[in-house]
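Participant: Quick one: this structure, given as structure tokens, is what I'll be asking you about.
The values are calculated or read from the model by the stated rules, or taken from the named source; none is laboratory data. Note that the coordinates shown come from a computational prediction; the quantities given were computed from them, not determined experimentally. Cβ: placed from backbone, ideal geometry, glycine included. Neighbour counts: every protein chain shown.
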Amino acid sequence: MKNAQDRGWIAIAAISGAVSVIVGAFAAHGLDATTEAGTKAREWLQTGSHYEAVHAIAMLVVAALAASTRLKPGLATVAQILFLIGSIFFPGALYALAFQGPRWFGAVAPIGGLAFILGWLALAAAAVGRKVT
């Protein structure tokens, strides 16, 4: 990797990936899904875990592509930040709901979803905005 920023993003992505596996495993093995509340909690945890895992991988890919100069650096960083924000707000809101957090967390999830969408668009812009040398 070119610099500490790249390694930092790799570390963040790896931690996010680990959290997604922990939450996914808890959803599969640690919940009583025989109740309606347990079934709903399992769905929230599985959905959050899935999105967090996908975007952990996305952060890794962006770090690798940015280090190889295949992406416009500023926009690549914007994409990573948006993926991180999305990974906090979208899965985080679902995790909170699953663990009986306040219902207003449901209103936070769309902020994370929007951050994911904007992150993908920033990644597209980082790819097309890069001059080939």
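Participant: Please work out if residue 97 is buried (at least 18 other Cβ atoms within 10 Å of the Cβ) and more than 19 Å from the chain's Cα centre (by Cα).
Facilitator: Spelling it out, it is not the case that residue 97 is buried (at least 18 other Cβ atoms within 10 Å of the Cβ) and more than 19 Å from the chain's Cα centre (by Cα).
Participant: Of the residues that make up the range 65-72, is at least one more than 30 Å from residue 124 (Cα to Cα) and surrounded by 22 or more Cβ atoms within 10 Å (Cβ to Cβ)?
Facilitator: The answer is no; no qualifying residue exists.
Participant: From the list 28, 4, 41, 13, which residue is more than 30 Å from residue 79 (Cα to Cα) and not hydroxyl-bearing (Ser, Thr, Tyr)?
Facilitator: Of 28, 4, 41, 13, the one residue that is more than 30 Å from residue 79 (Cα to Cα) and not hydroxyl-bearing (Ser, Thr, Tyr) is 28.
Participant: Ok, one more. Inspect all residues belonging to the range 40-55 and state whether any of them is small (Gly, Ala, Ser) and more than 13 Å from residue 20 (Cβ to Cβ).
Facilitator: Yes, some residue in the range 40-55 is small (Gly, Ala, Ser) and more than 13 Å from residue 20 (Cβ to Cβ).
To keep it simple, each residue is scored yes or no on (1) within 21 Å of residue 109 (Cα to Cα); (2) crowded, with 18+ Cβ neighbours inside 10 Å; (3) at pLDDT below 90.
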{"site": "35", "(1), (2), (3)": "no, no, yes"}
{"site": "57", "(1), (2), (3)": "yes, no, no"}
{"site": "84", "(1), (2), (3)": "yes, yes, no"}
{"site": "87", "(1), (2), (3)": "yes, yes, no"}
{"site": "90", "(1), (2), (3)": "yes, yes, no"}
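Participant: Residue 10 versus (1) buried (at least 17 other Cβ atoms within 10 Å of the Cβ); (2) closer than 19 Å to residue 84 by Cβ: which is the lone unmet condition?
Facilitator: Going through the list (1) buried (at least 17 other Cβ atoms within 10 Å of the Cβ); (2) closer than 19 Å to residue 84 by Cβ, residue 10 breaks only (1).
Participant: Please specify each residue of the range 13-62 satisfying the condition of being among the hydroxyl-bearing types (Ser, Thr, Tyr) and in contact (Cβ under 8 Å) with a residue 60 or more places away in the chain.
Facilitator: 16, 20, 51 - these are the residues of the range 13-62 that are among the hydroxyl-bearing types (Ser, Thr, Tyr) and in contact (Cβ under 8 Å) with a residue 60 or more places away in the chain.
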